[in-house]
Amino acid sequence: MNAQTPTKTSRLRGDRVTLAHGGGGKAMRDLIEEVFTDVFDPPGDEDQARLMTQALQDPGAQLAFTTDSFVVTPPVFPGGDIGKIAVCGTVNDLAVGGAIPLWLSAAFIIEEGCEIALLRQIVQSMDTEARKAGVRIVTGDTKVVERGSADQVFVTTSGVGVIPPDRDLRAANIRPGDVAIVNGVLGDHGATILAARGDMALSTDLISDCNSLNGLMETVIAAAPGLRAARDATRGGVASCLNEMADAAGVGIEIDETTLSLRHEVKGMCEVLGLDPLYLANEGTLVLFVPQEEADQTLAAMRQHSMGKDAVVIGKVLDGPAGRVTMRTLFGGTRLVDMLVGEQLPRIC
Amino acid sequence: MRYVEEFRDPMAAKAVLAAIETVIDQIGATRDKPVHIMEVCGGHTHAIFRYGLDKLTPPGIEFIHGPGCPVCVLPMSRIDECVQIAERPEVIFTTFGDAMRVPGTRKSLMQAKADGADIRMVYSPLDAMELARRNPDREVVFFGLGFETTTPSTALSIQQAAREKLNNFSVFCNHITVPPPIKALLDDPHMVLDGFVGPGHVSMVIGVHPYDFIAEDYGKPIVVAGFEPLDLLQSVLMVLRQIQDGRAEVENQYARVVPDAGNPISMAAIEDVYEARPTFEWRGLGEIDASGLRIRQAYQAYDAEEKFGVGYGAGPRLVKEPEGCACGQVMTGRIKPFQCEQYGKGCTPEMPLGALMVSSEGACAAYYQYGATEAAE
Amino acid sequence: MCLGIPGQIIEITDATRLMAMADVSGVRREVSVACVAPANLQNLIGEWALIHVGFAMSVIDADEAEKTLEALRGLGEAQETLEAMAQGDAALEGRA
């Protein structure tokens with residue numbers, strides 16, 4: 001038995017990824033092993049992960065499968081990085097359907113010249129977040145493209161989970177009389193990224209709200225047997241999410257501006273740039289619909305959870321018009337909250 | 001947020017609204033015989049719809065949306081010229097976000113960017129100058145857009161560029177001034193206007209006296225207003241009280257920001273760098289004398305029109321509006337957005353025909369975004 | 001171009017070029033104070049100004065702000081008085 005564990009020396013040459021690292025030869029193998037598989041430790045050595053779970057065998061259980069690509073710039077920002085979002089985003093897309101997330105794949109498109117240290121950081125974030133969320137990254141891929149063909153690194157994660165037989169969460173379940181709940185403040189991620197991009201030369205202490213919400217979802221499901229549907233509000237903000245759900249359910253939704261809460265820096269950011277916080281991106285914001293009579297117990301349960309401390313009812317579901325989202329303003333007036341058109345551009349005017 | 005939230009207090013709003021209702025009753029204004037109040041500035045139009053003030057104020061007030069949206073009044077030919085400059089490989093074209101989606105005859109700046117032009121959104125002309133410092137081998141052009149609120153910022157930037165000899169920086173000047181189009185509207189026999197809510201931020205630069213002619217020569221009240229909902233409501237109340245009293249005065253509701261005399265440093269910078277063009281084309285209003293600014297000869301090294309041979313007078317003027325586009329009529333308050341045939345059909349924010357639907361302060365965009373698709377109840 | 005927001009000047013960053021750091025509700029941005037520069041730039045620190053496209057355009061007058069708010073509050077009180085009077089009238093009518 002060795003008294004010491006030999007330290008592994010890096011076989012990688014240089015600080016940056018070159019086209020050789022995508023060539024399929026030794027350099028690629030070394031990159032994959034050192035940077036990716038040594039950390040992720042996927043099961044087996046084959047081109048595919050071979051997996052089984054008892055839960056799939058339960059009659060009425062469903063396989064849930066989702067995929068998402070992540071191209072955020074800058075790749076590292078306060079509160080996270082592209083790797084963290086890549087795990088959270090896919091875990092959340094499974095969890096909001098009532099699935100228990102199990103396995104993720106991770107594919108990387110790497111720009112020639114990307115710093116290897118950046119890749120290591122991203123992989124570490126993914127590993128940390130995956131463990132936190134209770135999922136395993138079991139298979140993946142890397143490609144290297146010429147300088148200029150990608151922005152440092154793009155990540156695609158696909159995720160698989162199991163929806164237990166008793167669960168059927170879907171937007172179409174939402175009906176008039178239901179209430180809409182969010183788990184906390186809005187817009188942290190979008191505002192953080194805007195500041196981090198630097199092109200407006202604005203600085204704040206904000207951090208992204210990027211987080212895995214499967215734990216919170218399980219809490220909600222346990223507390224609210226009548227839970228209709230849930231989504232995580234990402235690009236396009238809470239407004240876009242509500243519009244999609246209203247459309248799918250053929251109902252109207254009215255939210256109350258006085259219930260929406262923002263960190264004061266997010267408010268400041270919106271005021272300076274003339275942005276509407278309803279459309280700011282989130283990465284850890286849950287929007288869910290429950291029957292009115294279950295609202296109190298849902299909130300009580302959410303507020304016990306670290307990611308639901310500021311959970312609040314933000315609105316109610318109306319008969320119609322179908323697909324229309326409106327908001328009672330601070331002033332008691334009403335305004336439409338339409339789907340976002342294009343990208344929200346900072347106003348000056 | 002200091003100096004903002006106090007002016008958004010819903011309780012205070014109720015009181016002002018009640019006072020407004022009282023005066024409206026007393027002067028006998030109704031939906032069929034309303035008081036016509038023009039809010040000149042696009043920022044005010046936006047605020048009215050964001051806070052639902054059009055629905056909260058009584059039907060006896062009709063808001064006529066004025067031409068104070070500098071993106072909206074921009075003739076399509078100017079966008080074409082922007083695209084022309086931006087398509088040059090050596091140019092980094094910088095602009096405020098507002099202008100990105102305005103359609104030109106060929107394309108918008110957003111489309112030109114997708115086609116490969118180096119077009120970048122900036123928050124400030126200072127950022128454009130920084131880009132010029134960091135990219136000495138490129139020509140950085142800043143799209144100088146806006147009324148007198150923004151004109152000092154580009155004037156000061158040009159002065160700074162001259163001091164530093166930042167010769168790869170230039171401004172494509174499209175600054176316009178507020179008083180001339182107001183006069184043009186007042187001279188229009190078809191316009192029915194009883195009073196004005198005046199542009200608060202333009203006034204922090206030029207002061208309140210440039211509006212004296214509105215009260216003295218045309219006998220209409222004007223109240224210079226701030227941008228928070230309480231500012232707007234209080235200003236509307238002040239206009240109504242003037243009408244009730246038979247007064248026509250220039251009043252300053254936004255005194256916390258607007259000195260009556262304006263800002264001498266800003267005005268001096270504008271005077272130093274810019275001069276009035278003899279005429280300038282306004283979408284929907286045609287050519288108006290002495291309403292547009294150009295860079296003086298002393299600073300021609302920083303004038304993109306000189307550098308790139310484009311600009312007012314250099315190309316064909318008065319590009320025809322696209323078929324069915326009624327921006328001109330909406331912008332001068334002759335019709336409401338939803339009365340335009342194309343509104344919501346051939347003209348939407350995704351596929352705009354004209355600037356009013358694309359600029360965040362255009363009346364059509366405000367109506368569309370906040371849902372004022374039919375006349376207020 | 002109307003979008004302006006009150007911000008507080010918290011630091012002078014470049015006295016020669018008249019640049020300062022402004023804070024709007026925790027969002028910080030370097031702005032030019034050329035339009036509002038007093039003889040001693042340090043006197044700007046702590047003042048609130050209207051910030052527009054990276055320029056402090058006007059120092060906010062706290063007294064005027066208070067006057068405006070007072071006028072608004074006055075309306076509120078007048079309104080309450082009117083409502084109290086109306087309630088009084090209604091009560092009287094009820095009794096009559």
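For the stretch B:155-254, the set of trypsin sites (Lys or Arg not before Pro) satisfying both a DSSP loop assignment and a count of at most 14 other C-beta atoms within 10 Å is given as B:165, B:247. Here residue A:143 is the anchor, and the lysines within straight C-alpha reach of less than 18 Å, apart from those fewer than 8 places off in the same chain, are A:26. The C-alpha atoms of the stretch A:78-127 occupy a region whose extents along the principal axes are 40, 23, 14 Å, arranged from largest to smallest. From the alpha carbon centroid of the stretch B:101-133 to that of the stretch B:267-286 is 23 Å.
In plain terms, the bigger the Kirkwood radius, the slower the diffusion; for the stretch B:243-289, with that radius from Cα pairs, at 20 °C and 1.002 mPa s, Stokes-Einstein puts D at 149 µm²/s. Positive-end ranking of B:26, B:91, B:340 along the dipole of chain B, with charges on Cβ about the Cα centre, is headed by B:91. Among the chymotrypsin sites (Phe, Trp or Tyr not before Pro) in the stretch B:248-289, none sits in a DSSP loop with a Cβ that has at most 13 other Cβ atoms within 10 Å.
Based only on the alpha carbon positions, what is the Kirkwood hydrodynamic radius of the stretch A:101-156, in angstrom?
In the stretch A:101-156 this quantity evaluates to 11.9 Å.
Just the Cα atoms of chain A, one point each, no solvent: what log10 I(q)/I(0) does Debye give at q = 0.06, 0.10, 0.13, 0.15 Å⁻¹? Log10 of I(q)/I(0), two decimals: -0.24, -0.66, -1.04, -1.27.
Going out from 0 in 10 Å bins, what whole percent of all Cα-Cα distances in the stretch A:1-152 drops into each bin? With a bin width of 10 Å, the distribution comes to 10, 36, 34, 15, 5, 0.
Paramagnetic label reach from residue A:339 (point 7 Å along Cα→Cβ; backbone nitrogen cut-off under 15 Å): within the stretch A:239-274, residues A:239-251. Computed on the Cα trace of the stretch A:189-306, the radius of gyration divided by the Kirkwood hydrodynamic radius gives Rg/Rh = 1.00. To the nearest ten degrees, helix C:62-95 and the longest principal axis of the Cα atoms of chain C are 10 degrees apart. Based only on Cα atoms, what Rg/Rh ratio does chain C have, Rh being taken as Kirkwood's radius? Radius of gyration relative to Kirkwood radius: 1.37. Once each of the GluC sites (Glu not before Pro) sitting in a DSSP loop with at most 15 other beta-carbon atoms within 10 Å is removed, chain A keeps A:147-342 as its longest stretch. Taking every C-alpha pair closer than 8 Å and separated by at least 6 residues, the mean separation divided by the residue count of chain A gives a relative contact order of 20 percent. Scattering from the stretch B:246-377 was approximated by placing one identical point on each alpha carbon and applying the Debye formula without solvent; log10 I(q)/I(0) at 0.10, 0.15, 0.16 1/Å stands at -0.54, -1.01, -1.05. From its DSSP helices (H runs of at least four residues, each -39,500 (n - 2.57)), chain A gives a residue-normalised ellipticity at 222 nm of -8000 deg cm²/dmol.
Measuring nothing but how far apart in sequence close Cα pairs (under 8 Å, 6+ apart) lie, relative to its length, the stretch A:21-147 scores a relative contact order of 34 percent.
For peptide A:262-269, the mean count of partner chain Cβ atoms within 10 Å of a residue's Cβ comes to 5.
Per-residue shielding of B:37-47, expressed as the average number of other chain Cβ atoms within 10 Å of the residue Cβ, stands at 2.
Spatial offset of the stretch A:76-123 relative to the stretch B:145-185 amounts to 45 Å, using the alpha carbon center of each.
Restricting to Cα atoms and excluding each atom paired with itself, what does the Kirkwood estimate give for the stretch A:152-209 in Å?
16.1 Å
When only Cα pairs below 8 angstrom with a gap of at least 6 residues are kept, the stretch C:5-60 shows a relative contact order of 36 percent.
Helix A:295-304 and the long axis of chain A differ in direction by around 40°, with both axes built from C-alpha atoms.
Mean partner shielding of peptide B:232-244, defined as the number of other chain Cβ atoms within 10 Å of each residue Cβ, is 1.
Convex hull volume per residue, computed on the Cα atoms of the stretch A:1-81, equals 250 Å³. Note that the stretch C:5-60 carries a Kirkwood radius of 10.5 Å, evaluated over its alpha carbons pair by pair.
Put the Cα centre of the stretch B:1-58 next to the Cα centre of the stretch C:45-86 and the gap is 16 Å. Convex hull volume of the C-alpha atoms in the protein assembly as shown, normalised per residue: 202 Å³. Diffusion coefficient (Stokes-Einstein, Kirkwood radius over C-alpha pairs, 10 °C, 1.306 mPa s) for chain B: 75 µm²/s, rounded to a whole number.
The Cα atoms of the stretch A:266-349 give a gyration tensor whose axes a ≥ b ≥ c have a/c of 1.5 or more with a/b no greater than b/c, which makes the shape oblate.
Per-residue 3J(HN,Hα) values for the stretch B:277-285, derived from phi via the Karplus relation 6.51 cos²θ - 1.76 cosθ + 1.60 with θ = phi - 60°, read 6, x, 9, 8, 7, 10, 4, x, 10 Hz in sequence order (x marks Gly and Pro). Here's how it looks for residue B:274: its modeled amide H is under 5 Å from those of B:296, which are all 5 or more places away or on a different chain.
What does the net charge come to around residue B:164 if you take all other residues with beta carbon closer than 12 Å to its beta carbon, with K and R at +1 and D and E at -1? Summing Lys and Arg as +1 and Asp and Glu as -1 gives +3. Return one number: the angle in degrees, 0 to 90 and rounded to the nearest 10, between the long axis of the Cα atoms of helix B:125-134 and the longest principal axis of the Cα atoms of chain B. Approximately 20 degrees, to the nearest 10. In chain B, taking the dipole from charged Cβ atoms about the Cα centre, the farthest positive-side position among B:199, B:243, B:331 is held by B:331. At a Cβ-Cβ separation cutoff of 4.7 angstrom, cysteine residues of chain B with no neighbouring cysteine are B:41, B:82, B:173, B:325, B:327, B:340, B:347, B:364. Straight-distance candidates among the lysines for linking to residue B:14, with alpha-carbon spacing under 16 Å and chain neighbours fewer than 8 residues away dropped: B:55.
Each value in this text was obtained by applying a stated rule to the coordinates, not by laboratory testing. Quantities reported herein were computed from a predicted structural model and do not represent experimental measurements. Don't worry about glycine lacking a Cβ; one is built from the backbone with ideal geometry, like all the others, and counts go over all protein chains shown.
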